[in-house]
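Following: one structure in structure tokens, then a few remarks.
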Amino acid sequence: MKFMPPTSTSSDEDSRLVEVMDRRCQILAAMPISEVYRQQLLHRSVVILLYDDAGRLLLCKRPGLRGLGPERWDLPVHSPVFSGESLQDAATRTLNASLGIHAERMRLVQILPPGLENANEFLHVFTLIRPEGSAQHSQQDESSSYYFSSEELGCLLKDFSDLVSARFLMLAKAIRLTTLARRPL
């Protein structure tokens, strides 16, 4: 498994279309992703919980809002679902783009409703288990990503929640992530 630091959104990706949804998850329109984020419109996205074979969850450090403030721990694989794209295709695309991993056997475990913490996204949560030996870290990647054990994750969420992104904190509470980390889905 190859780890690459998250890249900023290119202007080409900013113009990709995303399906705007209503509260019942019915498609209303297709708009550029930059406009969907600007107007905080409801849309679908995918996120992948990547575990190693010991049940530890991979998190990475992300810069604060607009590059300001402290770094926050977050999931390394997250992306909107582009217009006409299936959830599975979106998960496969973003896993490959974010970490250089090609895997098609991810499992959808939960769908979280839109809210301010997750940029008004219907958040489709997938899981994937990767053997520990398949990870190849570069020196830069080791400092920005880490596999958290369930105990470490519990401590991070309880005692250091200010070091975690709002989306990840919401997701962790919604799916009781600390109990799932002991036994990956």
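The values are calculated or read from the model by the stated rules, or taken from the named source; none is laboratory data. Remember, it's a predicted structure, so these values are computed and weren't measured experimentally. Positions of Cβ are backbone-derived with ideal geometry, glycine not excepted, and every protein chain shown enters the neighbour counts.
Observations, loosely collected:
- Filter pass, VAL81 being in contact (Cβ under 8 Å) with a residue 40 or more places away in the chain, out of contact with any Lys or Arg (no Cβ under 8 Å at 6 or more places or on another chain), under 18 Å from PRO114 (Cα atoms) and of a type in the set (A, V, I, L, M, F, W, C): no
- Restricted to strands (runs of 3 or more DSSP E) entirely inside region 51-124, those with at least 3 residues that are of a type outside the set (Gly, Ala, Ser) are 57-62, 72-74, 107-112.
- Residue tally, condition aromatic (Phe, Trp, Tyr) and closer than 19 Å to LEU95 by Cβ, over region 31-62: 1
- Failed criterion for ILE111 (all others in (1) modelled with pLDDT of 90 or more; (2) of a type outside the set (Gly, Ala, Ser); (3) surrounded by 13 or more Cβ atoms within 10 Å (Cβ to Cβ); (4) out of contact with any helix residue (DSSP H, G or I) (no Cβ under 8 Å at 6 or more places or on another chain) hold): (3)
- Of all residues in region 40-63 being at pLDDT 95 or above and not aliphatic (A, V, I, L, M), the one that is surrounded by the most Cβ atoms within 10 Å (Cβ to Cβ): HIS43
- Residue in region 168-183 that is part of a strand (DSSP E or B), at pLDDT 90 or above and closer than 16 Å to ILE48 by Cα present: no
- Residue within region 99-106 that is under 14 Å from the mean Cα position of the chain (by Cα) and over 15 Å from SER144 (Cβ atoms) present: yes
- Scanning region 64-98 for residues that are modelled with pLDDT under 90 and hydrophobic (A, V, I, L, M, F, W, C), we see that the one that is surrounded by the most Cβ atoms within 10 Å (Cβ to Cβ) is LEU65.
- Here ASN96 fulfils each of the conditions (1) without any contact (Cβ under 8 Å) to a residue 12 or more places away in the chain; (2) within 22 Å of CYS25 (Cα to Cα); (3) not β-branched (Val, Ile, Thr) apart from (2).
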